1. Scan segment 122-142 for residues that are small (Gly, Ala, Ser), within 14 Å of the ligand (Cβ to nearest atom) and open to solvent by 40 Å² or more (accessible area, probe 1.4 Å) and report the count.
2. Leu176: over 12 Å from the mean Cα position of the chain (by Cα) and open to solvent by less than 70 Å² (accessible area, probe 1.4 Å), yes or no?
3. Take the residues in segment 1-16 that are in a loop (DSSP other than H, G, I, E, B) and in contact (Cβ under 8 Å) with a residue 24 or more places away in the chain; name whichever of them is most open to solvent (accessible area, probe 1.4 Å).
4. Residues Ala101, Ala90: which one is among the hydrophobic types (A, V, I, L, M, F, W, C) and within 13 Å of the chain's Cα centre (by Cα)?
5. Search segment 160-180 for residues that are within 16 Å of Pro98 (Cα to Cα) and pair each with any residue that is surrounded by fewer than 16 Cβ atoms within 10 Å (Cβ to Cβ) when their beta-carbon atoms are under 6 Å apart and the residues are at least 6 apart or on different chains.
6. Which residue is nearest to the ligand (Cβ to nearest atom), if the candidates are limited to segment 17-37 and must be open to solvent by 10 Å² or more (accessible area, probe 1.4 Å) and within 17 Å of the chain's Cα centre (by Cα)?
7. Inside segment 46-65, can you point out the residues that are within 16 Å of the ligand (Cβ to nearest atom) and assigned to a loop (DSSP other than H, G, I, E, B)?
8. Quick one: in segment 88-118, which of the residues that are open to solvent by 50 Å² or more (accessible area, probe 1.4 Å) and touching a residue at least 60 places away in the same chain (Cβ under 8 Å) is farthest from the ligand (Cβ to nearest atom)?
Amino acid sequence: MIEMAIEMNRCGINQGTSGNLSVRQESGMLITPSGMTYSTLAPDDIVFVDGNGEHHGPRKPSSEWRIHHDIYQARADAAAILHAHPTDCAALACLNEPIPAFHYMVAVAGGRNIRCAPYATFGTQALSNNVLDALQDRKACLMANHGLICLAGNLDQALALAIEVEQLAQTYVHCLSVGSPVILDDEEMDRVLLKFKSYGVQDGYPIPPPPSITLL
Ligand SMILES: [Zn+2]
């Protein structure tokens, strides 16, 4: 988890300590601590939060622990979660804009678009509820005036998905700066989603993670 947190910043999808990541455990989850520089983390700094939302050990969990906790409760397909503030995802999130089907790879998040969860104050139950709604049938969503959250089968896949969504956000922002991108229709996106389910699937993720991030 520490290697992956450092990698999250190294590859540019997060800055400082604003992001966080977690891994599901049998009776709860392990999550990065609140406000600690990743490069200084030792294994004991990673926080165990049990199924009742109580944390154990010397460190406080990330301020967004509640979202991670609620996603694991609601989504059997989530074994790892990554939250970050990548620049172009955050830019779109500050416009309160979803990422529409301007590119077929939008289907990588599991649907015809990548939604933007309505704004609520960080760390609140209201924000967690908004994120869970926006993640319905999806593995990623933007968070209004905030950032991005992804769920996956493991941390490698979660980081690969976050990189992919940030790449899409960057391309979409480029498109908006020079015109209005053509949006693929629902029929075409459904065709793409079907192909993703049957073609080259790697544990539920349609493309293998880049070699540079196969740390775990
Ligand atoms: Zn955040």
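The values are calculated or read from the model by the stated rules, or taken from the named source; none is laboratory data. All of these numbers come straight from a predicted model, not from anything done at the bench. As a convention, Cβ positions derive from the backbone with ideal geometry for all residues, glycine included, and neighbour counts pool all protein chains shown. Heads up: the accessible areas ignore ligands, DNA and RNA and are worked out on the full protein's heavy atoms, side chains in. Shrake-Rupley method; radii C 1.70, N 1.55, O 1.52, S 1.80 Å.
1. Of the residues in that region, 0 qualify.
2. Taking the combined requirement at face value, the residue does not satisfy it.
3. Filtering first and then ranking leaves Gln15.
4. Of Ala101, Ala90, the one residue that is among the hydrophobic types (A, V, I, L, M, F, W, C) and within 13 Å of the chain's Cα centre (by Cα) is Ala90.
5. Close Cβ pairs satisfying both conditions: Cys175/Pro181.
6. Ser18
7. Lys60, Ser62, Ser63, Glu64
8. Tyr104
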